[in-house]
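Enquirer: Okay, here's the structure, questions in a sec.
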Amino acid sequence: MAFPFPTFTTPFHSTVYPSISPTNPSLSAAKKTILITGGGSGIGKAIAIAFATAGARAVIILGRSSSTLSAASGEISAAATASGHVTAVKSFVADIRDATAVSNAVKSVREEFGGIDVFVANAGDLYMSTIENAVAEDWWRSFETNVKGTLNCMQSFVHHGLKPAAEGALPPTFINVATIAAHIPPGFGMSAYSSSKLATWKMAAYLDAEMGDRLRVFTIHPGNVATAMSDKAGTPQLDDATLPGGFCAWLAATPEADFLRGRFISVNWDVEELLRRKSEIVEKNMLSMELSGWGA
Ligand SMILES: NC(=O)c1ccc[n+]([C@@H]2O[C@H](COP(=O)([O-])OP(=O)(O)OC[C@H]3O[C@@H](n4cnc5c(N)ncnc54)[C@H](OP(=O)(O)O)[C@@H]3O)[C@@H](O)[C@H]2O)c1
């Protein structure tokens with residue numbers, strides 16, 4: 001069901017499907033170390049479970065609540081075991097607004113695992129209010145978490161966590177989790193959330209351009225996934241969290257997805273159709289944030 005979001009591909013998915021299933025052998029995460037912020041719940045936990053199911057060497061989750069992280073670690077380990085994999089699962093209590101805390105976690109991961117192959121900047125903050133009624137400090141917390149927090153993740157990863165790619169292997173990957181809410185008409189009192197998430201898309205495009213061949217950078221835009229955050233927002237819960245989970249596993253494992261770096265990608269869109277339409281998307285500069293991408 002496409003409502004209320006626009007779709008670019010004819011299939012519009014709400015749950016994981018074979019091409020992005022982490023059990024698909026072509027999406028193997030073998031030997032890879034993955035770090036997911038906000039990996040203790042919701043979409044982040046689903047992404048962690050997807051990489052564990054795909055056989056990652058290590059899945060690292062980061063968040064502020066140790067009890068949430070601890071409960072999720074058990075589920076992530078169980079997913080790896082159920083898929084026949086041995087995956088190290090570790091967690092770090094850290095607030096992404098604290099650059100030192102994020103860097104310290106990344107340095108620890110580098111010491112133990114030699115670096116990070118895939119960094120998923122998923123943790124986010126949703127403050128709901130009209131601008132007229134907003135408490136400025138609360139409104140600004142969304143920017144501190146979503147914008148400054150994402151900057152801290154980017155810098156910690158590229159300064160301390162990048163694992164040199166093996167000969168012939170893909171460079172490390174950074175996946176920024178933004179939102180469709182940044183691209184639809186204003187609604188639900190989400191000005192802090194939508195505008196801060198929109199900023200992260202541009203930041204990720206800069207990081208991708210600046211790092212060149214040293215790093216692959218994507219921004220994904222989930223729709224309405226059933227989590228605590230969408231519960232708080234009161235938005236309809238249309239999608240299963242396995243959808244962004246599988247989409248991240250697909251991006252990390254698929255060199256052919258590189259033309260989507262810097263572009264708008266909805267996790268609801270069908271990856272096979274996106275791949276088939278690569279020439280059209282690239283030649284017409286579609287799904288980009290430059291004006292030419294919007295038909296100007
Ligand atoms: N649900 C949706 O429909 C939807 C749609 C589009 C995009 N998204 C995006 O998906 C991401 C995950 O959201 P969700 O729906 O899964 O919500 P969620 O279940 O509330 O998860 C948010 C996660 O982020 C962590 N977190 C929040 N602030 C943090 C901070 N300052 N430092 C470290 N960790 C922090 C939380 O853990 P602690 O509280 O323990 O720190 C939690 O694990 C967010 O970026 C959100 O914007 C969600």
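The values are calculated or read from the model by the stated rules, or taken from the named source; none is laboratory data. Note that the structure is predicted; figures quoted are calculated from it, not measured. Note that we place each Cβ from the backbone using ideal geometry, even for glycine, and neighbour counts take in every protein chain shown.
Enquirer: Within segment 37-52, is there a residue that is free of Cβ contacts under 8 Å to residues at least 40 places away in the same chain and assigned to a loop (DSSP other than H, G, I, E, B)?
Expert: Within segment 37-52, none of the residues are free of Cβ contacts under 8 Å to residues at least 40 places away in the same chain and assigned to a loop (DSSP other than H, G, I, E, B).
Enquirer: Then there is this: Regarding segment 182-198, can at least one residue be identified that is among the β-branched types (Val, Ile, Thr) and closer than 22 Å to Trp250 by Cβ?
Expert: Within segment 182-198, none of the residues are among the β-branched types (Val, Ile, Thr) and closer than 22 Å to Trp250 by Cβ.
Enquirer: Next question, about the same structure. Check segment 213-223 and report whether any residue there is closer than 20 Å to Leu251 by Cα and assigned to a helix (DSSP H, G or I).
Expert: The answer is yes; a qualifying residue exists.
Enquirer: Quick one: which residue in Asn122, Asn133, Asn146, Asn152 is at pLDDT 95 or above, out of contact with any helix residue (DSSP H, G or I) (no Cβ under 8 Å at 6 or more places or on another chain) and not basic (Lys, Arg)?
Expert: Testing whether each residue is at pLDDT 95 or above, out of contact with any helix residue (DSSP H, G or I) (no Cβ under 8 Å at 6 or more places or on another chain) and not basic (Lys, Arg) leaves just Asn133.
Enquirer: Please enumerate the residues belonging to segment 84-94 that are farther than 17 Å from Ala29 by Cα and crowded, with 17+ Cβ neighbours inside 10 Å.
Expert: Hits for segment 84-94 are Ser91, Phe92, Ala94.
Enquirer: If you don't mind, there's one more thing I want to ask. Within segment 199-224, take every residue that is aliphatic (A, V, I, L, M) and away from the ligand (no atom under 14 Å from the Cβ) and give me the one that is nearest to Ser14 (Cα to Cα).
Expert: Taking the candidates together, the pick is Val217.
The rows are residues; the columns are (1) within 23 Å of Leu170 (Cβ to Cβ); (2) at pLDDT below 95; (3) within 13 Å of the ligand (Cβ to nearest atom); (4) surrounded by 18 or more Cβ atoms within 10 Å (Cβ to Cβ).
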{"position": "Ser26", "(1), (2), (3), (4)": "yes, no, no, no"}
{"position": "Leu35", "(1), (2), (3), (4)": "yes, no, yes, yes"}
{"position": "Phe51", "(1), (2), (3), (4)": "yes, no, no, yes"}
{"position": "Gly74", "(1), (2), (3), (4)": "no, no, no, no"}
{"position": "Thr81", "(1), (2), (3), (4)": "no, no, no, no"}
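Enquirer: Then there is this: Which one is surrounded by the fewest Cβ atoms within 10 Å (Cβ to Cβ) among residues in segment 132-173 that are over 30 Å from Ala257 (Cα atoms) and more than 16 Å from the ligand (Cβ to nearest atom)?
Expert: Glu132
Enquirer: Output the number of residues of segment 53-66 satisfying the condition of being in a strand (DSSP E or B) and either out of contact with any helix residue (DSSP H, G or I) (no Cβ under 8 Å at 6 or more places or on another chain) or more than 7 Å from the ligand (Cβ to nearest atom) (or both).
Expert: Count: 4.
Enquirer: Among the residues of segment 178-198, what is the count of those that are more than 13 Å from Ala121 (Cβ to Cβ) and within 13 Å of the ligand (Cβ to nearest atom)?
Expert: The number of residues fulfilling the criteria is 12.
Enquirer: Still on this structure: Among the residues of segment 187-207, are any more than 17 Å from the chain's Cα centre (by Cα), touching a residue at least 12 places away in the same chain (Cβ under 8 Å) and farther than 25 Å from Thr130 by Cβ?
Expert: Looking for residues that are more than 17 Å from the chain's Cα centre (by Cα), touching a residue at least 12 places away in the same chain (Cβ under 8 Å) and farther than 25 Å from Thr130 by Cβ, one finds none in segment 187-207, hence no.
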